[in-house]
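See structure below.
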Protein chains: 2
Amino acid sequence: MGAALGYADRMASWEPDGEPDVAYRAAVVDLLGLLAYGEITAFERLAADARLAPTVMDKASLAQMAVAEFAHFTLVRDHLAGIGADPDVAMAPFVAALDEFHERTAPADWLEGLVKAYVGDGIATDFYREIATHLDPQTRELALSAMTDTGHAQFAVDRVRTAIEVTPSVGGRLALWGRRLVGEALSQAQRVAVERDALAALLVGGVGVGGVDLVELGRMFTRMTEAHTRRMGTLGLSA
Amino acid sequence: MGAALGYADRMASWEPDGEPDVAYRAAVVDLLGLLAYGEITAFERLAADARLAPTVMDKASLAQMAVAEFAHFTLVRDHLAGIGADPDVAMAPFVAALDEFHERTAPADWLEGLVKAYVGDGIATDFYREIATHLDPQTRELALSAMTDTGHAQFAVDRVRTAIEVTPSVGGRLALWGRRLVGEALSQAQRVAVERDALAALLVGGVGVGGVDLVELGRMFTRMTEAHTRRMGTLGLSA
């Protein structure tokens with residue numbers, strides 16, 4: 001299936017006088033709803049996890065990531081409203097999966113919070129990059145703006161690596177934690193893919209051309225897992 | 001005592017070749033430490049209280065106030081660092097009072113969260129305005145920038161007034177809540193005034209001139225309580 005259908009045609013369908021591509025539009029609203037709820041939830045959880053910080057300055061570093069997520073959320077929310085979609089309605093299908101992800105991965109301490117912030121930021125960035133290739137230019141530009149690195153994740157790397165140097169046993173525990181994070185993320189992603197067929201099809205470039213290409217979807221998850229493995233290495237952890 | 005001492009002289013004392021006004025500088029560092037910790041804590045609590053919101057859009061409105069507080073925090077933190085003060089050290093004396101205030105005033109539901117956000121925002125703005133009169137121009141400008149209305153409190157007024165129209169009995173409960181908020185705030189403010197004499201003196205314009213003018217300090221608290229009473233009226237609540 002792939003992205004052979006001509007996305008310029010789809011962009012044209014956004015024009016008032018174009019033939020509306022209903023399936024594509026529904027999939028884009030789904031995608032933006034997922035991004036918006038993912039971002040406001042990330043804001044909320046990063047702000048909450050900031051309370052685990054040992055110093056106010058560390059707290060501020062995680063809070064800064066939360067604030068960047070909120071800025072992304074407002075971009076996507078305003079875009080949804082701009083194309084005539086109700087943001088609350090668009091987000092609703094993704095509330096359960098994202099809430100459950102965060103409930104199952106509440107950090108027990110500051111270091112777990114840092115690993116989650118860094119790993120979560122990385123997975124989100126990978127996801128934005130993956131989806132961007134299958135979008136019309138207008139939606140793609142939005143996704144890439146929201147992807148723009150929060151630029152604050154490096155402090156997490158420094159803190160985690162220092163902690164492992166001081167107490168090497170911490171590395172084993174955090175490596176397990178990283179595996180749990182990615183496992184829960186993939187589990188909820190599979191759930192969303194099953195429940196939202198049009199969205200899943202969009203992610204691999206096949207919306208409106210006969211359903212989801214499961215092989216291509218599997219490849220996307222594999223690429224994201226590989227990138228996660230590299231990030232764990234950057235933290236000084238085995239994946 | 002009052003502000004008769006000539007604040008231009010004090011500003012001059014910030015110049016490298018000026019005679020350092022040690023007491024004034026210590027009081028300003030105290031004040032900025034108080035503001036900084038107040039702002040990062042407000043960020044944290046508003047973000048947490050946003051979880052009580054009935055819709056994601058309501059959540060976003062409170063989150064927007066949190067983000068504005070964080071922006072104020074970064075201004076003050078960077079100013080502290082710029083004048084050679086360690087922000088963590090400057091904030092430390094105020095952690096207990098502000099944490100205790102928030103622990104004693106954790107909202108039980110969304111409406112209590114809204115009243116707290118609106119009342120808290122108002123008290124902070126009053127406080128910034130009160131202190132600005134007694135500061136050197138550089139510090140005053142900072143306080144006024146951080147005071148700049150978060151501009152997002154109006155939604156709280158709308159929501160609370162609507163809730164009272166729908167269920168008038170809510171008004172009595174929220175009026176009690178408002179009294180508790182201002183009572184706890186004054187109690188912690190008194191504690192800070194007792195523990196940090198130089199800061200208290202600065203607030204009423206008497207630093208370095210023989211200790212705190214308790215009558216003037218009392219007047220300041222009275223003015224702030226009066227303003228609180230007016231705000232409760234704006235919410236449709238008896239104070």
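The values are calculated or read from the model by the stated rules, or taken from the named source; none is laboratory data. Note that the structure is predicted; figures quoted are calculated from it, not measured. For neighbour counting, all protein chains shown are included, and Cβ atoms are generated from backbone atoms with ideal geometry for every residue, glycine included. What goes into the accessible areas is simple: the full protein's heavy atoms, side chains included, and nothing from ligands, DNA or RNA. Shrake-Rupley method; radii C 1.70, N 1.55, O 1.52, S 1.80 Å.
The mean number of partner chain beta-carbon atoms within 10 angstrom of a residue's beta-carbon across peptide A:43-49 is 5.
Here is how the number arises for chain A: DSSP H runs of 4 or more residues each give -39500 (n - 2.57), the sum is divided by the residue count, and the result at 222 nm is -24500 deg cm²/dmol. Projecting label points 7 angstrom from Cα along Cα→Cβ for B:Met57 and B:Ala92 puts them 4.8 nm apart. Measure off, as a whole percent, the carbon and sulfur share of the 1.4 Å-probe accessible area of the protein assembly as shown, all protein chains present. Carbon-and-sulfur percentage of accessible area, whole number: 57.
Taking B:Asp126, B:Asp158, B:Asp99 as the candidate residues, the one with maximal mean-square fluctuation in a Gaussian network model of chain B, Cα springs under 10 Å, is B:Asp158. Looking down the axis that turns chain B into chain A, the chain B residue with its beta carbon nearest that axis, and the gap rounded to whole angstrom, comes out as B:Ala47, 2.
Return one number: the angle in degrees, 0 to 90 and rounded to the nearest 10, between the long axis of the Cα atoms of helix A:137-147 and the longest principal axis of the Cα atoms of chain A. Roughly 10 degrees between the two axes. Considering only A:Met57, A:Val95, B:Val89, and ranking their Cα positions along the charge dipole of the protein assembly as shown that arises from unit charges at the beta-carbon of Lys, Arg, Asp and Glu, the one farthest toward the positive end is A:Val95. Put simply, chains A and B cover up around 2100 Å² of each other's accessible surface, both sides summed, when a 1.4 Å probe is used. Can you pull the percent of Cα pairs in chain A with separation above 21 Å? Above the 21 Å cut-off, chain A has 57 percent of its Cα pairs. In units of the compact-protein estimate 2.2 N^0.38 Å, the protein assembly as shown shows a Cα radius of gyration of 1.11.
With contacts taken as Cα pairs under 8 Å and at least 6 residues apart, chain B reaches a relative contact order of 26 percent. Rounded to the nearest 10 degrees, the inclination of helix B:56-82 to the longest alpha-carbon principal axis of chain B is 10 degrees. Derived scalar couplings between HN and Hα for the stretch A:224-232 equal 5, 5, 4, 5, 4, 4, 5, 5, 4 Hz in order, rounded to whole Hz, by the Karplus curve 6.51 cos²θ - 1.76 cosθ + 1.60 (θ = phi - 60°), x for Gly and Pro. Distance between the C-alpha centers of the stretch B:107-184 and the stretch A:146-201? Whole Å please. Distance between centres, Cα-based: 37 Å.
Against the main long axis of the alpha-carbon atoms of chain B, helix B:154-166 sits at an angle near 30°. The string of couplings for the stretch B:105-121 from the Karplus curve (6.51, -1.76, 1.60, θ = phi - 60°) is 10, 6, x, 7, 8, 4, 5, 4, x, 5, 4, 5, 4, 5, 5, x, 4 Hz, one whole number per residue in order, with x for Gly and Pro.
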